[in-house]
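**Student:** Structure provided below as structure tokens; questions to follow.
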There are 2 protein chains.
Amino acid sequence: MGVFSKTCEYAIRSVFFIAHRTASGNKVGIKEIANGIDSPEHFLAKILQDLSRKGIVLSAKGPNGGFYLDDVARKRPLSDVVEAVDGNSIFTGCGLGLANCSETNPCPLHHEFKAIRNQLKDLLEQTTIADFSESLNLGITKLRK
Amino acid sequence: MGVFSKTCEYAIRSVFFIAHRTASGNKVGIKEIANGIDSPEHFLAKILQDLSRKGIVLSAKGPNGGFYLDDVARKRPLSDVVEAVDGNSIFTGCGLGLANCSETNPCPLHHEFKAIRNQLKDLLEQTTIADFSESLNLGITKLRK
DNA sequence: AAAATAAAAGACAAACATATCTTTTATTTT
DNA sequence: AAAATAAAAGATATGTTTGTCTTTTATTTT
């Protein structure tokens, strides 16, 4: 089990891919995205529909349509993508799954986990979708296989 | 979705509970454990059967039987428990789910994730089951609700 | 030896995550 | 207006995780 759900992994990868491919105002279709990030096309379509409804990605129907990001969407932190798909439990939940775990009523791992969670939180909140485009442009990082 | 699977959460909580309750050579039954950590009894039974087979916990059948830990088992790092249940993907897997992600072929989040994963790895490898007994004894930490 | 106890094992069920396929709606191009 | 395009929506399927119930095996007590 990863840190994110499979759905969320596809979501992040697709958002990176869309940002990378639509930098100059164009759009990219679902088939191309699915191929570009190596994901099941129809499953990804569902995910992008959801992200579109929530305003994380933009979309246009018809010829020359597809998915894209405007400047506002590009500058959203990764945490917005994660939260849209997996909710905020990753930022707040107890490591041992206890519902009432808190500072005053902690589980044995509470404090140790807080440090790790905060580091993840900071990473996701302090980087934007756009931040990862350059290394993709340069071919230094990749989104499939 | 938590960092660990539900199964693994129950496993860790039960191992802490057993360590806490069997410090002086006695044993504790499945009903008492399930109640003590607020988990489904029969589901936990399966988990403990598995942990028993793998030598993480010890068990004895019959009257006055139950689950317990000896000194060796008490001193095992938490990483052994996690690995027995969830495997080692949590220590090695790519944050974006890419099979071939590596140092030389990284995903966009590779380096950032490595830091977080290593912190988790260190936490789990450097603490033992026994390390958490004292705060449980003192009632400072808890394993249910 | 018989009865009682408690884990081990097996079969099954429900819920959720993941994946596939088809139809509909909106938009653009001709 | 008709045809083509592409996302949106709906229905269905598969797989995995989580959870429940029953039977069996091993051990101890009487």
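The values are calculated or read from the model by the stated rules, or taken from the named source; none is laboratory data. Remember, it's a predicted structure, so these values are computed and weren't measured experimentally. Virtual Cβ from ideal backbone geometry, glycine too; neighbours counted across all protein chains shown. What goes into the accessible areas is simple: the full protein's heavy atoms, side chains included, and nothing from ligands, DNA or RNA. Shrake-Rupley method; radii C 1.70, N 1.55, O 1.52, S 1.80 Å.
**Student:** Return the whole-Å distance between the Cα centroid of the range B:31-67 and the Cα centroid of the range A:41-92.
**Tutor:** A separation of 44 Å, based on Cα centres.
**Student:** Here's something else I'd like to know. Have a look at A:57, A:82, A:72 and tell me which one the Gaussian network model of chain A (Cα, springs below 10 Å) gives the largest fluctuation.
**Tutor:** The residue that fluctuates most here is A:72.
**Student:** Another question, then. With n ≥ 4 as the cut-off for DSSP H runs, can you work out [θ] at 222 nm for the protein assembly as shown, using -39500 (n - 2.57) per run divided by the number of residues, rounded to the nearest 500? Kindly include the intermediate steps, with their values, before the conclusion.
**Tutor:** Numbers: 16 runs with 152 residues, N = 290.
So the calculated ellipticity at 222 nm is -15000 deg cm²/dmol.
**Student:** Specify the residue with the greatest mean-square fluctuation among A:19, A:115, A:34, computed from a Gaussian network of chain A linking alpha-carbon atoms under 10 Å apart.
**Tutor:** Comparing A:19, A:115, A:34 in a Gaussian network model of chain A, the most mobile one is A:115.
**Student:** Quantify how strongly other chains surround peptide A:1-11 by giving the mean number of their Cβ atoms within 10 Å of each of its Cβ atoms.
**Tutor:** Numbers: counts 13, 9, 14, 4, 2, 2, 1, 3, 6, 2, 1.
Neighbouring Cβ atoms belonging to other protein chains average 5 per residue here.
**Student:** What is the interface area between chains B and A, defined as buried accessible area summed over both chains with a 1.4 Å probe, reported in Å² to the nearest 100?
**Tutor:** Working: alone 8680 and 8700 Å², together 13890 Å².
Interface between B and A: roughly 3500 Å².
**Student:** Okay, next question. Suppose we compare each residue of the range A:83-112 in its chain alone and in the full protein complex with a 1.4 Å probe; which ones drop by at least 50 Å² of accessible area?
**Tutor:** Residues meeting the cut-off: A:96, A:98, A:106, A:108, A:109.
**Student:** Give me the net charge for the shell around residue A:102: Cβ to Cβ below 13 angstrom, other residues only, Lys and Arg +1, Asp and Glu -1.
**Tutor:** Net charge in that neighbourhood comes out at +2.
**Student:** Do any GluC sites (Glu not before Pro) in the range B:41-145 lie in a DSSP loop with no more than 10 other beta carbon atoms within 10 Å, and if so, which? Could the numbers behind the result be given before it?
**Tutor:** Working: sites: B:41, B:83, B:103, B:112, B:125, B:134; in loops: B:103.
Answer in residue order: B:103.
**Student:** Using the beta-carbon distance between residue B:118 and residue A:60 and R0 = 45 Å, what value does 1/(1 + (r/R0)^6) give for FRET efficiency, to the nearest 0.05? Before the final figure, lay out each step's value.
**Tutor:** On the way: r = 43 Å, r/R0 = 0.94.
After rounding to 0.05, the efficiency reads 0.60.
**Student:** Could you state the accessible area per residue of the protein assembly as shown in Å², with a 1.4 Å probe and every protein chain left in place? Walk me through the numbers on the way to the answer.
**Tutor:** Numbers: 13890 Å² over 290 residues.
The answer is 48 Å² per residue.
**Student:** Moving on to the next point. Applying the Karplus parametrisation 6.51 cos²θ - 1.76 cosθ + 1.60 with θ = phi - 60° to the phi angles of the range B:64-75, what ³J(HN,Hα) value in whole Hz is obtained for each residue in order, glycine and proline being reported as x?
**Tutor:** 6, x, x, 9, 7, 10, 9, 4, 4, 5, 4, 8
**Student:** Can you work out the FRET efficiency for the pair residue B:88 and residue A:125, with r the C-beta to C-beta distance and R0 = 25 Å, to the nearest 0.05? Don't skip to the answer; put the middle values down first.
**Tutor:** Working: r = 28 Å, r/R0 = 1.14.
With R0 = 25 Å, the Cβ-Cβ based efficiency is 0.30.
**Student:** Here is a further query. Calculate the FRET efficiency for residue A:75 and residue B:140 from the Cβ-Cβ distance with a Förster distance of 45 Å, rounded to the nearest 0.05.
**Tutor:** Numbers: r = 43 Å, r/R0 = 0.96.
The computed FRET efficiency comes out at 0.55.
**Student:** Moving to a separate point now. Ignoring ligands, DNA and RNA, please state the percent of accessible area on the protein assembly as shown from carbon and sulfur, probe 1.4 Å.
**Tutor:** 50 percent
**Student:** Just need the relative contact order of the range B:6-137 here, percent rounded to a whole number, with Cα pairs under 8 Å and 6+ apart.
**Tutor:** Numbers: 145 pairs, mean separation 37.7, N = 132.
Once normalised by length, the contact order is 29 percent.
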